[in-house]
Amino acid sequence: MDIQSLLGTVLSDASIQGVSQTSAVSGDQTRSILNAAMPALLGGALNQAKGADTSAGFATALSQHAAGNTADLTAFLGSVDTQDGAKIVNHLLGSDSAAVVDQIAKDSGVQAADVKKVLASAAPLVMSLLGKETQKRQGADSAVSPADVLGSLMGGGSSGGLLGSLLGGKSGGLGSILGSFLK
């Protein structure tokens, strides 16, 4: 899997429909929110994977979420635990969570409460996909860490540039906040 495959799955029509139904937010708004949010979520995941205090817990969380069956996205998203999703979002975005949610709301033209619902619905899918990819790569090379996998997915050291270009990133706003994630 590469970053385009990951984003293609998260932003697919089936995912958008499933997250929309789970969060009770329209499909167009859900797509707009996820387009704006993916750089921050993936940047936060990379930070969790690299953090001295967070990497072990993040690796465990990836392993747990990898067990989810994402072959049927509608079924997966229909049974997603949004309370767990909210916790995932808070871990990934950390102390910048409120600022990121507010900026996503501004960038997507959607209420912050709806942004939170969409992120809580989509975060378990993101973790499951990242967990599956981590397990796959570790099966081929046990020395591969989650940070290695995320760094590879997002273009190594220049992850912000690749991820931003894939999502049509903007300067300022979320881009400035995202910059703090991708140090």
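Each reported figure results from applying straightforward, stated rules to the coordinates on display, with no laboratory input. Just so it is clear, the model here is predicted, and its values are computed rather than measured. In this analysis, Cβ positions are derived from the backbone assuming ideal geometry, glycine residues included, and neighbour counts consider all displayed protein chains.
Descriptive notes on the structure:
- Amide N proximity, the stretch 25-58 versus ALA143 label position 7 Å along Cα-to-Cβ, cut-off under 12 Å: none
- Kirkwood Rh in Å, taken over the stretch 3-177 so that all alpha-carbon pairs contribute: 15.9
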